[in-house]
Amino acid sequence: MPRSEPSGRPPEAGSSDSLALTLTSVFNSVAGLLGFLIAAWVMPQEEVGRATEFVSAMQLIGGAAQLNLGIGIMRWLPGAGRKSVRLVFGSLLLIMPLSGLAGLVYGLLVPRVALVAAGEGPFGFGLLLLVLGCAGWGVFVVHDFVMVAVGRPWLAVWRSGTFAVARIGLLAALGAGLASQGMVLSWVIPVVVWIGAGTIVLWFLVRRFAATGGPGTLPSRATMAGFLAPTAVAQLGAVLLYNQIPLLANFRMGNTIGAVFFIAWQATVVVDTAAVFFTNSLAVQTAREPHRAVELARHTRRRMLVLFIPLLVLGAALGWPVLRVLGPGYTVGAPIIAALMVGVLFRLVVVFELARRQAGGDGVGYARLSLLNCGLVVAIAALTPLPDPATTYPALVMLPFVLGYVAVQAVFAAVLTVTERRRPLHGSSPRSPQ
């Protein structure tokens, strides 16, 4: 990819990409959290726990099947020119079947997830819903990345906002009558509809972008594989962190305590994923202006801290009053939310470093950091002994998961901070986006 000439643009010129990606993440995450809060209001606590198993499994499979092609598209699309259509739709046609097939296999191996979706209907119907949900969710976020890369970031915001409203509306309509199946349908139906309509919109957007971009160039297959192979594996680590942890909570603590932990964990995911999306925009900004990589990285880190530290304080403060509305069965999660927010504060250091390595093309470094960070949290959640949920106060049952998360993030933040002081940000040399 040809290097951009200095443009003299201020760092704020790329802020709309960061803000748009952040808002898309916030809409999706907050809508998910609100949905579970509504469910907790209208459903028995155990039914909420059952429904979280389907949602976590769908997001786990769909996220893993993305193969980090969303970030790859943001890095390569600015210089792809007339090859843009092949790049975008080739990626989508790889992700969707892979994600759907993985959903089918998962549903057969873990039938309880498909049974939640089936409700009173046959197992095959629940399995079909899981396959459709996984296939759609696999490309849902990728659509947002494409819109940002072609210069239409606020279209992605509008799309995510309407999707969030539709999800909450369907849950309000179906949740009380269909219980956990109602929550499943409130996810799967909008995913299928929005992906169908969004694919049509992308077809016209990408074709227009390609027509104005000249012949264009794409990295070689070896170069693409060199970036995607390690970062796709690393992305699996993040997907496991967000979605396998609440699944483990349900499996190890039971659906009743698992429902409380899931809501507390979703509060964490809202802020964490918003920070990841905010810093992901560094990839497309660096691809457009590689000569300003250091300046853009500094600007992104500063804005991330200014924006997200107050959100963490707010999240910790609102835990108890929000959970109180749901009843005494949920208020035990308030100190859990506060402790998790401390963990996210440390993780912001990790999130920025991951974005910097990804934007600079350091796929192996990105993978190593992500897998170590996320893998340790998942391992602690899977292997640490827990008190007996039947005889122990619920917050104490959840405590090993929480302490493990906070400890891992604190250690990584300390190590990265010391490393950066020895090798300052201005000393890094990002690679070419190709």
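The values are calculated or read from the model by the stated rules, or taken from the named source; none is laboratory data. Keep in mind it's a predicted model, so treat the numbers as computed, not measured. Positions of Cβ are backbone-derived with ideal geometry, glycine not excepted, and every protein chain shown enters the neighbour counts. When the accessible area is computed, the model is the full protein with side chains, heavy atoms only, and any ligands, DNA or RNA have been set aside. Shrake-Rupley method; radii C 1.70, N 1.55, O 1.52, S 1.80 Å.
When V350, V325 are screened for being in a helix (DSSP H, G or I) and open to solvent by 70 Å² or more (accessible area, probe 1.4 Å), only V325 passes.
Go through region 395-424 and give me each residue that's under 29 Å from the mean Cα position of the chain (by Cα) and open to solvent by 40 Å² or more (accessible area, probe 1.4 Å). If the condition is that a residue be under 29 Å from the mean Cα position of the chain (by Cα) and open to solvent by 40 Å² or more (accessible area, probe 1.4 Å), then L396, L399, L403, A407, V411, A414, V415, T417, V418, T419, E420, P424 are the ones that fit.
Remark: P290 falls outside the filter, which requires a residue to be over 11 Å from the mean Cα position of the chain (by Cα), open to solvent by less than 10 Å² (accessible area, probe 1.4 Å) and farther than 20 Å from L23 by Cα. Every test in (1) in contact (Cβ under 8 Å) with a residue 12 or more places away in the chain; (2) within 23 Å of the chain's Cα centre (by Cα); (3) surrounded by fewer than 21 Cβ atoms within 10 Å (Cβ to Cβ) is passed by G196 save one, and that test is (1). Considering only residues that are under 30 Å from T331 (Cα atoms), open to solvent by 20 Å² or more (accessible area, probe 1.4 Å) and polar (S, T, N, Q), which ones fall in region 227-265? Of everything in region 227-265, those that are under 30 Å from T331 (Cα atoms), open to solvent by 20 Å² or more (accessible area, probe 1.4 Å) and polar (S, T, N, Q) turn out to be Q244, N255, T256. Is there any pair with a first residue in region 383-408 that is free of Cβ contacts under 8 Å to residues at least 24 places away in the same chain and a second that is surrounded by fewer than 20 Cβ atoms within 10 Å (Cβ to Cβ) and in a helix (DSSP H, G or I) whose Cβ atoms are under 6 Å apart and which are 6 or more apart or on different chains, and what are they? From region 383-408, the pairs are T384/P400; P387/L396.
Tallying residues that are open to solvent by 70 Å² or more (accessible area, probe 1.4 Å) and among the small types (G, A, S) within region 380-394 yields 1. Please go through (1) touching a helix residue (DSSP H, G or I) at 6+ places or on another chain (Cβ under 9 Å); (2) open to solvent by 20 Å² or more (accessible area, probe 1.4 Å) for R208 and return the number of the only condition it doesn't satisfy. R208 satisfies all of (1) touching a helix residue (DSSP H, G or I) at 6+ places or on another chain (Cβ under 9 Å); (2) open to solvent by 20 Å² or more (accessible area, probe 1.4 Å) except (1).
Cβ separations smaller than 7 Å between residues 6+ apart or across chains give the following pairs from region 335-354 residues that are among the small types (G, A, S) to residues that are open to solvent by less than 10 Å² (accessible area, probe 1.4 Å): A338/G319; A339/V402; G343/Y405; G343/Q409.
Looking at E295, is it open to solvent by 10 Å² or more (accessible area, probe 1.4 Å), in a helix (DSSP H, G or I), in contact with a Pro (Cβ under 9 Å, 6 or more places away or on another chain) and among the acidic types (D, E)? Yes; evaluated as a whole, the condition is true for this residue. Return yes when V157 is open to solvent by less than 10 Å² (accessible area, probe 1.4 Å), β-branched (V, I, T) and in contact with a helix residue (DSSP H, G or I) (Cβ under 6 Å, 6 or more places away or on another chain) and no when it is not. So V157 fails the test. Kindly evaluate G124 against the criterion of being open to solvent by less than 50 Å² (accessible area, probe 1.4 Å) and either acidic (D, E) or without any contact (Cβ under 8 Å) to a residue 12 or more places away in the chain (or both). Against the criterion (open to solvent by less than 50 Å² (accessible area, probe 1.4 Å) and either acidic (D, E) or without any contact (Cβ under 8 Å) to a residue 12 or more places away in the chain (or both)), G124 qualifies. Of everything in region 298-315 that's touching a residue at least 12 places away in the same chain (Cβ under 8 Å) and of a type in the set (D, E, K, R), which residue is least open to solvent (accessible area, probe 1.4 Å)? Filtering first and then ranking leaves R301. Give me the pairs: first residue in region 63-77 and within 21 Å of Y242 (Cα to Cα), second residue of a type in the set (D, E, K, R) and open to solvent by less than 10 Å² (accessible area, probe 1.4 Å), beta-carbon distance under 9 Å, and six or more apart or on different chains, which are they? Close Cβ pairs (under 9 Å, with a partner that is of a type in the set (D, E, K, R) and open to solvent by less than 10 Å² (accessible area, probe 1.4 Å)) amount to G70/D144.
Note on region 23-50: residues that are open to solvent by 10 Å² or more (accessible area, probe 1.4 Å) and farther than 14 Å from F262 by Cα total 8.
Checking each residue in region 129-144 for being open to solvent by 10 Å² or more (accessible area, probe 1.4 Å) and in contact (Cβ under 8 Å) with a residue 40 or more places away in the chain picks out L129, L132, A135, W137, V141.
Under the condition of being touching a Ser or Thr at 6+ places or on another chain (Cβ under 9 Å) and in a helix (DSSP H, G or I), the residues counted in region 373-395 number 1. Each residue in region 161-191 was checked for being open to solvent by 70 Å² or more (accessible area, probe 1.4 Å) and either modelled with pLDDT of 90 or more or of a type in the set (D, E, K, R) (or both), and 1 of them qualify.
For the residues L94, L69, L101, the requirement of being out of contact with any Ser or Thr (no Cβ under 9 Å at 6 or more places or on another chain), closer than 15 Å to A232 by Cα and hydrophobic (A, V, I, L, M, F, W, C) singles out L94.
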